[in-house]
Amino acid sequence: MISRDKPPSAQETFMQMAQAAGLRGRLLVTVGILILIRLGIHIPIPGINREAFAAAIANNNQVLSFLDIFSGGGLSALGVFALGILPYINASIIIQLLTAAIPALENLQKNEGEAGRRKLSQYTRYVSLGWAILQSVFISGFWLQAYAIKPGPFFIAQTAIALVAGSMFVMWASEVVTERGIGNGASLLIFVNIVATLPKSLQNTIQLVESGGRDTVGRVIVLLLLFLVTTVGIVFIQEGVRRIPIISARRQVGRRILAEQRSYLPLRLNQGGVMPIIFASAILSLPALISQFAKNPTFANIVQTYLSPGGNASWVYALVQLVSIVFFSYFYSSLIVNPVDVAQNLKKMGSSIPGIRPGKATSEYIERVLNRLTFLGAIFLGLIAIVPTGIEGFLNIRTFQGFGATSLLILVGVAIDTAKQIQTYVISQRYEGMVKQ
């Protein structure tokens with residue numbers, strides 16, 4: 001009773017993780033699925049010269065290295081999970097864009113409740129399957145043929161089937177983690193894949209320090225300090241909240257008169273969490289993949305020059321990345337918070353914002369505040385994604401190639417969201433114990 005209104009401490013959280021059957025089961029399911037996915041990455045696709053392909057990936061460009069990080073090394077290792085969760089992410093982008101454009105899909109999301117959301121999830125799975133088939137056929141037919149031991153139609157068919165099956169299994173695993181684990185299935189898979197590539201980057205950095213002089217040590221220290229400062233900034237962005245005060249009018253329930261109550265409406269600085277940066281990165285990776293398939297020297301040169309973080313005109317890539325992050329931040333914010341619905345709900349509950357009339361004036365006020373918060377959060381996200389990568393190139397330290405502020409943002413954001421999810425389960429276990437007593 002004393003601690004029911006307090007957030008769970010670290011000691012209580014670990015005790016509940018070890019003792020509470022419900023939370024312990026969710027954690028075991030999550031850990032088991034993540035281990036299974038990591039093992040599947042190293043199951044090889046037959047008929048490919050892996051050494052030649054891995055060397056080509058390592059020497060190609062930073063965009064493909066970034067995609068390799070998203071798949072946890074599965075792209076360079078050419079495992080059955082080489083596509084990983086990327087088709088599902090791309091399908092989510094397509095469905096959410098169509099939801100904003102097609103009234104029928106918007107009605108499913110807003111008015112049909114749980115049944116509508118399940119139907120949208122089913123549509124996302126279908127689009128994921130189609131996208132995985134398209135990617136697999138192009139990858140096996142236009143990319144992997146050069147590294148095939150026996151190229152031909154049979155090689156294309158068996159490779160495409162293996163890649164599609166692996167991608168669908170990863171999608172199913174992410175949904176299992178979301179429903180029966182601790183949640184955030186797709187984000188957790190990306191988190192684990194990024195973490196799995198860190199030891200190799202750290203090993204390359206240590207070798208660089210050992211082979212270089214004092215100047216190299218200084219540059220590495222500056223880069224690590226920059227990553228530390230970036231992590232602190234990410235935490236501030238993820239935890240930043242604007243609290244709009246709300247007053248509930250006095251109400252009479254039976255013979256009792258409930259006094260006026262004061263509360264607040266929390267609006268996060270970054271409503272979309274890590275999803276805007278993930279979607280922007282997925283969009284920016286498409287030109288590099290298309291250039292690999294098309295085999296057009298002119299188009300490949302344009303992509304390498306303007307749409308690559310290591311190109312001669314990398315400022316164009318940075319600008320496109322910033323615009324993409326801002327767009328997806330506003331897009332996700334519009335999906336998560338609807339000012340009109342919030343204003344109507346406040347009016348129904350007899351609540352209001354001090355100094356603002358209920359109804360249309362309230363929705364306009366919330367929309368104005370939300371737009372300012374989203375713009376500020378999007379600019380911060382863009383700067384965090386761009387500035388450290390530029391300084392990394394300025395310091396000429398390429399051992400973290402592909403792993404930059406974007407990956408760091410995903411790691412910190414997913415870690416914060418997962419910790420909050422676990423705290424939510426701990427609080428629910430606390431109240432279940434109170435009910436049993």
May I ask you to say which residue of 300, 282 is in a helix (DSSP H, G or I), more than 22 Å from the chain's Cα centre (by Cα), buried (at least 17 other Cβ atoms within 10 Å of the Cβ) and modelled with pLDDT under 80? 300
So how many residues does segment 207-226 have that are surrounded by 12 or more Cβ atoms within 10 Å (Cβ to Cβ) and either in contact with a Pro (Cβ under 7 Å, 6 or more places away or on another chain) or over 16 Å from residue 385 (Cα atoms) (or both)? 10
Working only within segment 165-187, note down all residues that are touching a helix residue (DSSP H, G or I) at 6+ places or on another chain (Cβ under 8 Å) and under 30 Å from residue 49 (Cβ atoms). 166, 167, 168, 169, 170, 171, 173
Here are some residues: 179, 210, 175. Which one is of a type in the set (Asp, Glu) and farther than 30 Å from residue 421 by Cβ? 210
I want to confirm something. Restricting to segment 165-192 and keeping residues that are touching a Phe, Trp or Tyr at 6+ places or on another chain (Cβ under 8 Å) and assigned to a helix (DSSP H, G or I), which single residue is surrounded by the fewest Cβ atoms within 10 Å (Cβ to Cβ)? 169
Criterion: aliphatic (A, V, I, L, M), within 15 Å of residue 48 (Cα to Cα), more than 23 Å from the chain's Cα centre (by Cα) and crowded, with 17+ Cβ neighbours inside 10 Å - qualifying residue of 146, 157, 162: 162
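Residue by residue, here is whether (1) among the acidic types (Asp, Glu); (2) at pLDDT below 85; (3) over 18 Å from residue 237 (Cα atoms) holds:
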| position | (1), (2), (3) |
| --- | --- |
| 329 | no, no, no |
| 349 | no, yes, yes |
| 376 | no, no, no |
| 387 | no, yes, no |
| 391 | no, yes, yes |
Quick check on segment 340-359: of everything there that is free of Cβ contacts under 8 Å to residues at least 40 places away in the same chain and under 15 Å from residue 264 (Cα atoms), which residue is surrounded by the most Cβ atoms within 10 Å (Cβ to Cβ)? 343
Write out, first by first residue and then by second, each pair whose Cβ atoms fall under 8 Å of each other, whose residues are 6+ apart or on separate chains, and whose first residue, in segment 145-156, is touching a residue at least 12 places away in the same chain (Cβ under 8 Å) and assigned to a helix (DSSP H, G or I) while the second is surrounded by 12 or more Cβ atoms within 10 Å (Cβ to Cβ) and of a type in the set (S, T, N, Q). 147/49; 155/140; 155/145; 156/140; 156/145
Tell me which residues, restricted to segment 79-129, are more than 30 Å from residue 144 (Cβ to Cβ) and basic (Lys, Arg). 110, 117, 118, 119
Of the residues in segment 232-249, those that are touching a Leu at 6+ places or on another chain (Cβ under 7 Å), outside any helix (DSSP H, G or I) and farther than 9 Å from residue 268 by Cα come to 244, 246
Residues being without any contact (Cβ under 8 Å) to a residue 40 or more places away in the chain and over 30 Å from residue 157 (Cβ atoms) - total across segment 110-140: 10
Report every pair of residues separated by at least 6 positions or lying on different chains whose Cβ atoms are under 8 Å apart, first residue within segment 213-231 and closer than 29 Å to residue 415 by Cβ and in a helix (DSSP H, G or I), second hydroxyl-bearing (Ser, Thr, Tyr) and modelled with pLDDT under 80. 220/205
Could you please give the count of residues in segment 103-122 that are under 26 Å from residue 172 (Cβ atoms) and out of contact with any helix residue (DSSP H, G or I) (no Cβ under 6 Å at 6 or more places or on another chain)? 8
If we keep only residues of segment 82-117 that are acidic (Asp, Glu) and part of a helix (DSSP H, G or I), then the residue surrounded by the most Cβ atoms within 10 Å (Cβ to Cβ) is 106
Going by the structure shown, is residue 322 of a type in the set (A, V, I, L, M), closer than 26 Å to residue 376 by Cα, assigned to a helix (DSSP H, G or I) and modelled with pLDDT under 80? no
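The values are calculated or read from the model by the stated rules, or taken from the named source; none is laboratory data. Note that the structure is a prediction, hence the values are computed from the model and not measured. So basically every Cβ, Gly included, is an ideal-geometry build from the backbone, and we count neighbours across all protein chains shown.
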